[in-house]
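Enquirer: Quick one: structure below, then a few questions.
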Amino acid sequence: MITTVIFDLDGLLADSETLHCKAYQDTLGGLGVTISEAEYAEFWIRRGLGIDEFADICDADLDTNEVRRRKANRFQELVDTALVPMPGALDVVQRLHGHKRLALATGSYAADAMAIIERLDLAKNFEHIATKESTPRLKPHPDPWLHVAEKLDVTPAECVILDDAQKGILAAVAAGMRSICIPNRFTRNTDLSRATIRLDHLDEVTLELIDALAGHAI
């Protein structure tokens, strides 16, 4: 029986990957480093890396702590002025709330994640919210999903993951959880074949569909 649905945040519930990318482009651009959307999608979204790895791989002479500080400030400005939910995001949370236990796990820092969650008024729907600080390893490792299951005292087999990106789906497989993938423009051309099912829109996620996933192999 599926008792619990665990949501990703960036690119799944909130159209915030665009804002993260813009914040990095503005911050790094001010330091003489250019980054494209394709590079952001590869480093941050598909591979789940961060600014330290970006600086190492690109051999860029950056004070990464300063980059993080400036990027966080720019991201907050963009959240305040340009954040919108992904299509169907608010509806799917309300559709499942009260029928399934809901939680959220994101690789974003708590400050960034809570800025989004508060802006979209989503916090009241989730029993637990896990962020970058919650586990030592992030997706594609299973730790964030397993952390939430432990906090809610449920088994992996009781959980369904909703995510837009390859790293989240691979983390679900490693955690022994079923998953629904709803890709966005950054992720639709990546390998999402390990998802239990792939959908085009959050409107397709219904209570009946969640329950039916119990019949799918993990």
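The values are calculated or read from the model by the stated rules, or taken from the named source; none is laboratory data. What you see is a predicted model; the values in this text were computed from it and never measured. Here the Cβ is made from the backbone with ideal geometry for all residues, glycine too, and neighbour counts use every protein chain on show.
Enquirer: Can you tell me which residue among 70, 74, 95, 47 is of a type outside the set (Gly, Ala, Ser), under 26 Å from residue 172 (Cβ atoms) and at pLDDT 95 or above?
Expert: Being of a type outside the set (Gly, Ala, Ser), under 26 Å from residue 172 (Cβ atoms) and at pLDDT 95 or above holds for just one of 70, 74, 95, 47, which is 95.
Enquirer: Let me ask something else. Looking for something touching a His at 6+ places or on another chain (Cβ under 7 Å), under 20 Å from residue 161 (Cα atoms) and without any contact (Cβ under 8 Å) to a residue 24 or more places away in the chain - is there at least one such residue anywhere in the range 118-137?
Expert: The answer is yes, given that some residue of the range 118-137 is touching a His at 6+ places or on another chain (Cβ under 7 Å), under 20 Å from residue 161 (Cα atoms) and without any contact (Cβ under 8 Å) to a residue 24 or more places away in the chain.
Enquirer: Quick check on my filter: what residues within the range 113-141 are charged (D, E, K, R), assigned to a helix (DSSP H, G or I) and more than 12 Å from the chain's Cα centre (by Cα)?
Expert: Result: 118, 119, 124, 133.
Enquirer: Let me ask something else. Find the residue count for the range 197-208, including only residues that are part of a loop (DSSP other than H, G, I, E, B) and free of Cβ contacts under 8 Å to residues at least 24 places away in the same chain.
Expert: Number of matching residues: 2.
Enquirer: Still on this structure, please answer the following. Of the residues 31, 62, only one is surrounded by 15 or more Cβ atoms within 10 Å (Cβ to Cβ) and either over 17 Å from residue 140 (Cβ atoms) or outside the structural domain of residue 190 (by TED's automatic domain parsing) (or both); which? Walk me through it before giving the result.
Expert: Details: 31 fails: surrounded by 15 or more Cβ atoms within 10 Å (Cβ to Cβ).
Residue meeting the stated conditions: 62.
Rundown of residues vs (1) within 14 Å of residue 140 (Cα to Cα); (2) assigned to a loop (DSSP other than H, G, I, E, B); (3) modelled with pLDDT of 95 or more, yes/no style:
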position: 157; (1), (2), (3): no, no, yes
position: 161; (1), (2), (3): yes, no, yes
position: 174; (1), (2), (3): yes, no, yes
position: 180; (1), (2), (3): no, no, yes
position: 185; (1), (2), (3): no, yes, no
position: 188; (1), (2), (3): no, yes, no
position: 192; (1), (2), (3): yes, yes, yes
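Enquirer: Being in contact with a strand residue (DSSP E or B) (Cβ under 9 Å, 6 or more places away or on another chain), assigned by TED's automatic domain parsing to the domain that holds residue 139 and surrounded by fewer than 22 Cβ atoms within 10 Å (Cβ to Cβ): is that true of residue 192 here?
Expert: Here the answer is yes, as residue 192 does meet what is asked.
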